[in-house]
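Encoded as structure tokens, the structure appears first; notes follow it.
Laboratory data are not the source of any read-out in this text; all were calculated from the coordinates shown. From a predicted model like this one, the values you see are computed outputs, not experimental measurements. Note: ideal-geometry Cβ built from the backbone for every residue, glycine included; neighbour counts use all protein chains shown.
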Amino acid sequence: MDKSSGVIQSVRLDDERDRLIILDQTVLPNKKIFLEIDNMKDVWDAIYHLKVRGAPAIGIAAAYGIYLGTRKTDASTYDELYEEFKKIKDYLASSRPTAVNLFWALNRMEKRFLLEKGKNVDEVKAALKEEAENIRAEDEKVNESIGKYALSLLKPDMGLLTHCNAGAIATSKYGTALAPIYLGQDQGYNFKVYADETRPLLQGARLTAWELNEAGIDVTLICDNMVSIVMKEGKVQAVLVGCDRVAANGDTANKIGTSGVAILAKHYGVPFYVCAPLSTVDLECKTGDDIEIELRPSEEITTKWYAESMAPKDVKTYNPAFDVTDHQFISAIITEDGIAYAPFTESLPKMFEASQS
Ligand code: MRU
């Protein structure tokens, strides 16, 4: 991929200073601030408050959080360190519930810990650092591959619609749903991208529109309630979204509002593509009903972004951060190992088997 496309690094370890560097996504696009974090509590806080967000980036940050947390313990034996490790893992796992990449990355860190049995504490800590680095580095390759597969479904000059932000800053690099857009730009595809603003936290307006704009991609910001009109007017030939968890039957949790976009896409005959690393596919969830949906504070709806409250004081609110798109509305799920089509109960396990052989 061209050096200018999708390369903003939102989570990385500054090796020399042993600090986690996180692009604070809560203040974009007005300020570009990189936080320097050296402890697991600040990692938890960065995840919970969405300073680092997007399923793959959350997983990467948590993996580094394990390293930062274990590094600070006084444990002097492997077993003592493992007791501390388990507490740190549980703590980081409590930061957000929906994106399975968080739990996937924490479990992978534990697997690595267990592989180091018999080593001394310093060796185990070094291994955990290496594993977190591996998770980050592999994510780059995964996204590039998702981008190539997704691009094979698109044609030059298409209008594309995306919801929330599944771009470079939601991952290690390139993004998932935005990866084919960056790749296409390098190859002269001339896409026209419509970015839903994504109420209530405006990831589409603040992050996707900013990210694509910075990369010189033709992006048009629309409010969430404008999806129907842009589709009706024939401006959109495909929808590309990322996701936080894919169940075994293909039901997919993604940012609140995604399922409505999928239903509209079906109505207007627009293909709806979900871009998902295999680390986001959770075969243990049989259907979307098994996916826990995060509920977030009411002020995100009532007061955030406004000089004064835009809702009656003390009005009841309901603020689910994600919704589940039923598999019947999904045209394909695009992973790093290929494109899965319905029935997903067959294609997704096959993809896992192939990836392990
Ligand atoms: O609450 P957020 O901003 O973390 O939600 C993010 C999304 O819904 C993304 O679409 C998803 O994590 C995919 S990121 C490649």
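With loop defined by DSSP as not H, G, I, E or B, and exposure as at most 16 other Cβ atoms within 10 Å, which is the longest segment of the chain clear of exposed chymotrypsin sites (Phe, Trp or Tyr not before Pro)?
Formally, the longest exposed-site-free interval is 1-304.
From the Cα trace of the chain, what convex hull volume per residue do you get, rounded to a whole Å³?
141 Å³
Can you list the lysines whose alpha carbon sits under 21 Å from that of residue 41, skipping same-chain ones fewer than 8 residues off?
51, 72, 86, 87, 89, 125, 129
Taking springs between alpha-carbon atoms closer than 10 angstrom, which of 60, 301, 37 fluctuates most in the Gaussian network model of the chain?
Looking only at 60, 301, 37, the biggest GNM fluctuation is shown by 301.
For the stretch 1-134, with only Lys/Arg (+1) and Asp/Glu (-1) charged at the beta-carbon, what is the dipole magnitude about the Cα centre, in debye rounded to 20? Numbers along the way, then the final one.
Details: 22 positive and 23 negative charges, 110 e Å.
With only Lys, Arg, Asp and Glu charged at Cβ, the dipole is about 520 debye.
Suppose every K and R has +1 on its Cβ and every D and E has -1 on its Cβ; what is the size of the dipole of the chain about the Cα centre, in Debye to the nearest 20?
I would put it at about 600 debye.
Looking at the stretch 170-267, how many pairs of lysines come closer than 22 Å at the Cα, when each pair is eight or more places apart or spans two chains?
Lysine pairs meeting both conditions in the stretch 170-267 amount to 9.
Can you give the % of DSSP beta bridges in the chain that are antiparallel, to the nearest 5? Numbers along the way, then the final one.
Numbers: 18 of 37 bridges.
Percent antiparallel among DSSP bridges in the chain is about 50.
What are the trypsin sites (Lys or Arg not before Pro) within the stretch 45-91 that DSSP puts in a loop, where the Cβ has at most 10 other Cβ atoms within 10 Å?
Qualifying residues, ordered by number: none.
Once you sort the root eigenvalues of the Cα gyration tensor of the stretch 53-199 as a ≥ b ≥ c, which label holds: rounded (a/c under 1.5), prolate (a/b larger than b/c) or oblate (the other case)?
prolate
Over all directions, the average projected area of the alpha-carbon convex hull for the stretch 251-351 comes to how many nm²?
Mean projected area of the Cα convex hull: 8.2 nm².
Find, among the GluC sites (Glu not before Pro) in the stretch 278-317, those assigned to loop by DSSP (not H, G, I, E, B) with at most 13 other beta-carbon atoms within 10 angstrom.
Filter output for the stretch 278-317: 284, 292, 308.
How far is helix 100-115 tilted off the main Cα axis of the chain, in degrees rounded to 10, range 0 to 90?
30 degrees
Quick one: order 161, 283 by neighbouring beta-carbon count within 10 Å, fewest to most.
Fewest-to-most Cβ neighbours within 10 Å comes out as 283, 161.
Is the shape of the stretch 184-337 rounded, prolate or oblate, going by the alpha carbon gyration tensor and its root eigenvalues a ≥ b ≥ c, with a/c under 1.5 for rounded and a/b larger than b/c for prolate?
oblate
Given contacts defined as C-alpha pairs under 8 Å and at least six residues apart, what's the relative contact order of the chain, whole-number percent?
Values: 729 pairs, mean separation 57.9, N = 357.
Computed value for the chain: 16 percent relative contact order.
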